[in-house]
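Read the figures in this text as sums done on the coordinates, not as results from a lab. Everything numeric in this text was worked out from a predicted model, so none of it was measured. Here the Cβ positions follow ideal geometry from the backbone for every residue, glycine too, while neighbour counts run over all protein chains shown.
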Amino acid sequence: MNLRNACALLAFLFLLQPALGEEKGKPNRLAKEASPYLRQHAHNPVDWYPWGEEAFKKAKAEKKLVFLSIGYSACHWCHVMEKESFSNAVIAKILNDNFVCIKVDREERPDIDHAYLTSLNVLGQRGGWPLSMFLLPDAKPFFGGTYWPPFDKEVQGQSMRGFKSVLEGILNVYKTEQKNVEEQAEKLATSTRRVLLGETVGLALIPLDKALVNASVEAVQEGFDPKYGGFGSQARNFQGPKFPTPCYLKLLQREQGNDATGNVKSIVSFTLDQMALGGIFDHLGGGFHRYTVEPSWTIPHFEKMLYDNAQLCEAYSRALFNNKNPLYEQALNSTCAFILREMTSPDGGFYSALDADSDGEEGKFYVWTDKELAEVLKEKSDLELFKTTYAREPNFEEKFFILRRSMLPDKLALSQKTSLEKLEGSLDASRKKLLALRNNRIRPFLDTKILTGWNGQMIAGLAMASKALNEPAYLKAAEKASDFILNNLQQADGRLMRSFGAVPGEKAQAKILAYLDDYAYLVHGLLTIYEINGDKKRLAQAVELNEKMIKHHGKQGTGPFFQTSEEHEKLFARSIDQYDGAQPSANSVALSNLVKLSKYTQDTKHMKVAEDSFKGLVMRLKMQPSSSTALATALAEFLEAQPKK
């Protein structure tokens, strides 16, 4: 029996079981974890283990399968599964009796997340979170999925298997087909290893030239949504979800000067306009939500991630370097203010995320009713102007308003027969009143862990914003965050740690050896500060960290670079981060850093390492140009830095 046939046995339907109420037991071992996401599961009746030797020793000793659940604190469907399944006494008993259950925060352990997400993709399934994987006691996966409802149910006329049925099916397959499952797990591990290593052929046949960059630009343009801006699939009529894709924007912004038609510049401007107008942007408190569930940028998935806002600060700053734009200035300024107000620790480090949910409902903190708007904006003229601008018709669950601008500010001022300054002054007063009321609502959960790489991205975003807006406070915040990371997450030997946080009742401390993205993103942040203010101390820090990265993540002193160091535990293989996701691939950022370091230090060794690394990655760029836009950007910088012939 092959793996697909074995997994097919899981499709047997079971009788729908009545759900028991949620059960909240005494704290489990996750209560002693520093990760806020893990602690959210500390009162589940499930006997959770953190990832580690203890869990796998137990699985081997008791000959039990492992259920691995990976998520993050701002993940809506992670919360749903926690409430529906992991708090359910019936399901918890099945898990506890038959599995060793492990919880992982994907933001703390991107290596674990990447490895098992890749294995799910190898099985032919799309990934997402919560990521739910079933493993042998030796950690090899054999089956997985994402969210399941607790019990079987009908969805739009089709049956959907519940988590209880999945568990019972897994146990039945393993009991009756154990040898086949073990053989297929070995094959899956081998296939996953190949993907993680990025095995390709013919690398030397691909020249490093501008044609690769141009192909990436063209691939991005092909996915442009001409109606609403942004990018997606023409074949799917640009249906949601729609993400900001800052890696696309960065490549297009860099290359728009090479486009004689002006089309690239128009794509960038229209996309930035639509995001700043849309519901993906928080018009009261500042900051951008993760993505929208539909194509018009109106209805967001309401979580706010530090890395999204960091990259969008860079995107709007780059736009403002070239042209003054009141809409961009407002979006950028309020986003930076949001970061300093709500996402910054007293010591200057930046927190990771704000949840999508509050008071048990997604988006409840951000939406409005007609009655609420009228109660706050008592002057009829203020209410009418605000509704004309932000809330013409209910757009969420048929009764709520997600605020979004109806048109560009200058056009609105013209339609209202007033000046832009007077219009924005009136709207700003109304926004402040509504924000004051909103601040009294139950707030979304704040994930207070401080991640080195994400802080590096925000450092760069704030430094660029300080220049774009001529606001020294933002550069000061970037400097303070840099010092915090280097003082608290850099070891005596110069190496970085990944995460900073506290177990309740204990002093906060750094944990987990840093990954490639931590080095690459932090060096990017330090170099950005240097570019803004010329502080040679930041350049020296960047050089030192870059050397550590090459030593511990490189291939014999060069690249491309491994995601993990030689000290990290081995999961299938040391993977090479090669494609962009919500964040740029760490290899791409590292290569961009190398090009800049060569320029700023006049040391050509950086360019040699960059060239060797490009040769190991260029096939990916040629094969999937729209998935490697950060690499295309780095290659464009590399080619531009070559001596002119």
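Straight-line reach only, C-alpha to C-alpha below 18 angstrom: list the lysines that LYS537 could link to, leaving out same-chain residues fewer than 8 apart.
Once the sequence-local lysines are set aside, what remains near LYS537 is LYS476, LYS480, LYS548, LYS596, LYS599.
Using Cα positions and a limit of under 18 Å, work out the aspartates and glutamates in reach of LYS32, with same-chain residues fewer than 8 apart set aside.
Qualifying aspartates and glutamates at Cα under 18 Å: ASP47, GLU53, GLU54, ASP105, GLU107, GLU108, ASP447, GLU506.
What are the equivalent ellipsoid semi-axes of the range 370-438, built from the alpha-carbon gyration tensor (square roots of five times its eigenvalues), in whole angstrom, biggest first?
Over the Cα atoms of the range 370-438, the semi-axes work out to 20, 15, 10 Å.
Report the Cα centroid-to-centroid distance between the range 613-645 and the range 59-93 in angstrom, as an integer.
41
In straight Cα distance, which lysines are under 24 Å from LYS432, not counting same-chain residues fewer than 8 positions off?
LYS304, LYS364, LYS371, LYS378, LYS380, LYS387, LYS399, LYS411, LYS417, LYS422
Using DSSP to define loop residues, name the trypsin sites (Lys or Arg not before Pro) in the range 357-411 whose beta-carbon has at most 12 other beta-carbon atoms within 10 Å.
Filter output for the range 357-411: LYS378, ARG392, LYS399.
Kindly rank 30-42, 434-446 from highest to lowest mean number of other beta carbons found within 10 Å of each residue.
Result, highest mean Cβ count within 10 Å first: 30-42, 434-446.
Within the range 452-518, which trypsin sites (Lys or Arg not before Pro) sit in a loop by DSSP and count at most 10 neighbouring Cβ atoms inside 10 Å?
LYS507
Which residues in the range 99-130 have a backbone N closer than 19 Å to a point placed 7 Å from the Cα of ALA61 along the Cα-to-Cβ line?
99-103
Quick one: if the Förster radius is 25 Å, what FRET efficiency do GLN178 and ARG29 give, using the C-beta to C-beta distance and rounding to 0.05?
0.30
Report the per residue volume, in Å³, of the convex hull enclosing the C-alpha atoms of the range 251-370.
Cα-based convex hull of the range 251-370, divided per residue, equals 127 Å³.
Can you give me the long-range amide H partners of LEU65? Hydrogens built in the peptide plane at 1.01 Å from N, cutoff under 5 Å, separation of 5 or more residues or another chain.
Amide H to amide H, under 5 Å and 5 or more residues apart or across chains, LEU65 pairs with VAL100.
Quick one: Cα centre-to-centre distance for the range 518-565 and the range 241-320, in angstrom?
Computed from Cα coordinates, the inter-centre distance equals 27 Å.
Using the basic label-point model (7 angstrom from Cα toward the beta carbon), what is the ASN214 to ASP410 distance in nanometres?
Here the modelled spin labels are 3.3 nm apart.
Could you tell me which GluC sites (Glu not before Pro) in the range 472-565 are loop residues by DSSP with no more than 12 other beta carbons within 10 angstrom of their beta carbon?
Sparse-neighbourhood loop GluC sites (Glu not before Pro): GLU506.
How high is the relative contact order of the chain? Use alpha-carbon pairs under 8 Å, at least six apart in sequence, and give a whole percent.
Answer for the chain is 13 percent.
When DSSP beta bridges are limited to those with both residues in the range 3-197, what percentage is antiparallel, rounded to the nearest 5?
55
Using only the alpha-carbon atoms of the range 387-492 as identical scatterers, what base-10 log of I(q)/I(0) does the Debye formula give at q = 0.10, 0.22 Å⁻¹?
Log10 I(q)/I(0), no solvent term: -0.53, -1.11.
Run the numbers on the range 3-197 and let me know its relative contact order in percent, using alpha-carbon pairs under 8 Å that are six or more apart.
25
Expressed as cubic angstrom per residue, what is the convex hull volume of the alpha carbon set of the chain?
Expressed per residue, the convex hull around the Cα atoms of the chain is 171 Å³.
Kirkwood Rh, the range 3-197, all Cα pairs: how many Å?
16.9
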